[in-house]
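Below is one structure; the comments refer to it alone.
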Amino acid sequence: MPKIETLVDSFSDDSINNARWTPYGSPAPVADRVRETNGRIEIRPASGTTGYSGLVADVTFDLIGSQIRVELVRALRQAEGPETYFRLQVDSANGVYFNIANGLIDASQIITSTRYTHAAVPYDPALHRWLRFRDQAEVLYWEVSADGCDWVVLARNGNPLGSQPGGPASQLTVEFGAGVYQATASPGVAIFDNLNTPEARRARRVNERRLSAREVRIQAAELAAKRLHEEHANNNDEVNYPGTPLVGNYSKSLRHDALGDPIPASYATLLRALQSEDPADFEEIMLAAGTPIKLTNPQAGLTFDLEGPDPQAITMPPAPRFDSDVTAHEAGELYWMAVARDVPFINYAAEAAVAGSIINRAISSLNSEFPRFGGTVPVTAQNLFRGIYPGEQVGPYVSQFYFKGNTDQRKPDGMGRDANEGFVSYGAQVIDQRINSAVPAVDYLLDFPWWLDVQNGVDKRGLDQFETVKRFIRNLRDGATYVHFDQVINAYYNAAWVLMSEPSGNQLAFQPGVTGRPQTDLEFRKNAGNPYDPPGTEFDSRTQAGFATFGPIHLLQALTEVIGRAARAVWWQKWGVHRRLRPEEYGGRVHNHITGARSYPLHPSITTSLSSGGLAPYFGQAGEKFPSTFLLPQAYPEGAPTHPAYGAGHATISGACATILKAFFDETKNIENPLQPAADGLSLVAYTGADAASMTLGGELNKLAGNNAIFRNAAGVHWRSDYTESLPLGEAIAIGLLQEMSLGFNEDDGFFQLTRLDGRTIRIFDGKVRVAVV
């Protein structure tokens, strides 16, 4: 029997070695679940269902006096349901395991179908990058490593498999994989690499970038240099479809043929500039004829930042392929969002109960035709078009921070005295939370000539129309209008002022002498690690108040600092890595395919729905909302901006800003007097849902981030997975910024504490990030 150390695979040829491995995947097809691509194994469980996928070795191996290790590049999302594993088995009832799930990594064994856990610790992707089983002197070791060189024993045990020659330990099956035991929206992608090989394949440019960042960062250089710079890989759509080249990639403002497909020679000039990084090459990019809208900042991700993670230090998993069921199902959700743009959120529950209504049909279609769209399934009126992170599906659709004001009893009635008037006090000035929304039932890019003009960079900006009456955000169109013109930070600056200023007492009624003083008698307590607040705690200073540190200036500084860093990180993902097409570009392919103008490798779920399924009543010749077209209706006359879709700028910056706010305030605080916009958006009414008492500050900040991202989807300019993967990217950038910021404090006991999107609570202090025990 061969020793287990002789099983070697670097997964570098982008084709699973069928003489060595048997792939398995559920739900089928296996090829959609397990791929050897980008020089590694990528395992992508299906969203919204259960099933396991991975590789199992075709022959058995001898562990006695030997060892086996694998690099775990990325585990599945740390939520209840997904798990990632590496195991050696005698049979299905006996084996040893590494298992990563629910924020923990455990070392365990199964004996006659009974599981025994020897160790379980909080999972840290950096510290637990490498996993190893090692047998020595009849003792089995479960070991982990950050670099594949220095190993830490996670657990040890007298070899439970037996170490006698010819015994069970000499007849082991090797297996690694990932799956979902409880249906989960967007469980993520598990990535394995370098089985029994050294970590020797890191791209030269990645290492150079990390070393260059170390030189630039000066005082924070050592901390930054210890951060692992991830390898960046895309879904290979630039080479996946030789018959219709580049149809899965972004190309707005480049040159196109008569059907709107990119011209390869034009696209090649973009690639040349991105690969050379020479500013002169960016000036030679071949744009469309005439005066097209310029490409938006493709050099941004090449910047060096002096604080926080380098823009290229953190990566996102490859986006779903153009031909995948995931992309088609995400598109299905976007078509439904376009159909439902003018339905008030407050009416969703009632409409869901009416057969044939838009909301009723949307729920049915997403559950039956598009279940892999990446949201929570089964879809209900409460989770329709919502995000998946904690708090996003609690309470009304729109976060309280989009419409509530802060109470000030000194203000005149109707001008910010009560929170339900919707005025945010900026000192002596006020911001009106109401907006002038775009007029209803007016959508764009519905005829092919307009769509083709937009692909070729014709400037249609400023052709939209707005209502003259101000309203609170009441439907998807209003939300899309809000995120059309903001600089992303708008909503978080408003939220910061509410959190810094909302006094204790009744928010909705003027009560002289009862309502507290703004910015003095605070409703929202500061974070537990604030060395000056909250009052009455061990950190309540007797003589000092926070201001430039752990106070309002510090908070506003962190918010404004993080947005640029988050944007540069996601701009590297957009231009330097993924170059994913925009949904409107995909809609053009769908239209051409259905009308017979050209054939594309589209998953049939989207074309079937538009032709004869759930979406058919609204599109095409007999379409009651969008006749004679299968293009994706856009809320903006210019469609998407001139940069690739994945990741999303709004989503990444939102994930970063929400993280900063959670780091400064007590996110467990319940939301008092929750409100929601009336159906006409002219007023705010009480939210009385059964979950009203479950709304928390942390949940509403997550919802604010999700709204800010998904409202861009509602406009038709982003995909669901742009939101899902970009919020954690922004969160990681903010955590890295706070980590380095924490090196410089004179306040010995000060720290930041927050709950991440995956549900884990962390504490940031003295340059360290640790899982906190709450």
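Quick look at the numbers
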read-out: Accessible-area order (highest first, 1.4 angstrom probe) of the listed residues 595, 755, 481, 112; value: 112, 595, 755, 481
read-out: Gain on full stretching of the segment that runs from residue 758 to residue 504 - 0.36 nm per residue minus C-alpha separation; value: 88.3 nm
read-out: Other-chain or far-sequence residues with amide H under 5 Å of residue 522's (modelled H); value: 504
read-out: Efficiency of FRET from Cβ geometry, residue 490 and residue 541, R₀ 35 Å, rounded to 0.05; value: 0.60
read-out: Sum of side-chain charges, residue 177 neighbourhood, beta-carbon under 10 Å (Lys, Arg +1; Asp, Glu -1); value: 0
read-out: Of the GluC sites (Glu not before Pro) in region 42-138, those whose Cβ has at most 16 other Cβ within 10 Å and which sit in DSSP loop; value: 80, 138
read-out: Rounded to the nearest 10 Å², the accessible area of residue 346 at probe 1.4 Å; value: 60
read-out: Global geometry of region 621-696, whether rounded, prolate or oblate, following the gyration tensor of its Cα atoms and the 1.5 cut on a/c; value: oblate
read-out: Potential extension, residue 80-residue 156 segment - 0.36 nm per residue separation minus Cα distance; value: 24.6 nm
read-out: Whole-number percent relative contact order across the chain, with pairs defined as alpha carbons under 8 Å at least 6 apart; value: 14
read-out: Residues whose placed amide H lies under 5 Å from that of residue 21, excluding near-sequence neighbours; value: 58
read-out: Fully extended contour minus Cα-Cα distance, from residue 468 to residue 115, at 0.36 nm per residue; value: 120.5 nm
read-out: Calculated Rg and Dmax of region 262-347 using C-alpha coordinates, Å; value: 18.8, 54
read-out: Distribution of pairwise C-alpha distances over region 40-117, 10 Å bins, in %; value: 15, 46, 35, 5, 0
read-out: Backbone HN-Hα couplings from phi across region 125-133 [Karplus 6.51/-1.76/1.60, Hz, Gly and Pro as x]; value: x, 7, 6, 10, 5, 10, 10, 9, 9
read-out: Per residue accessible area in Å² of the chain, where ligands, DNA and RNA are left out and the probe is 1.4 Å; value: 36
read-out: Between region 438-497 and region 283-325, the alpha-carbon center distance in angstrom; value: 23
read-out: Positive-pole candidate from 327, 687, 8, dipole of the chain, charges at beta carbon; value: 687
read-out: Solvent exposure ordering (accessible area, 1.4 Å, most first) of 60, 117, 659; value: 117, 60, 659
read-out: Most to least accessible of 550, 745, 485 (protein chains only, probe 1.4 Å); value: 485, 745, 550
read-out: Radius of gyration and maximum dimension Dmax of the chain, Cα, Å; value: 26.8, 87
read-out: For region 233-250, Karplus couplings with θ = phi - 60° (6.51, -1.76, 1.60), whole Hz, Gly/Pro x; value: 9, 9, 8, 6, 5, 5, 10, 6, 10, x, x, 9, x, 6, 6, x, 10, 5
read-out: Cα extents of region 338-465 along the three principal axes, largest first (Å); value: 54, 41, 27
read-out: Estimated Rh, region 639-762: Kirkwood, alpha-carbon pairs, angstrom; value: 16.2
read-out: 5 angstrom amide H check on residue 155, placed H, neighbours 5+ away; value: 142
read-out: Sparse-neighbour loop sites [trypsin sites (Lys or Arg not before Pro); region 213-318; at most 15 other C-beta within 10 Å; DSSP]; value: 294
read-out: Probe 1.4 Å - accessible area at residue 239, Å² to nearest ten; value: 110
read-out: Residue 413 paired with residue 355, simple spin-label distance in nm, labels 7 Å along Cα-to-beta-carbon; value: 4.9
read-out: Estimated vicinal HN-Hα couplings, Hz - region 413-425 in sequence order (Karplus 6.51, -1.76, 1.60; Gly, Pro = x); value: 4, x, 10, x, 5, 10, 5, 7, 7, x, 10, 9, 7
read-out: The chain - percent of accessible surface contributed by carbon and sulfur, probe 1.4 Å; value: 52
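The values are calculated or read from the model by the stated rules, or taken from the named source; none is laboratory data. Since the structure is predicted, the reported quantities are computational estimates derived from the model, not experimental observations. Neighbour counts run over all protein chains shown; Cβ positions are idealised from the backbone, glycine included. Side chains included, ligands, DNA and RNA excluded: accessible areas come from the protein's heavy atoms. Shrake-Rupley method; radii C 1.70, N 1.55, O 1.52, S 1.80 Å.
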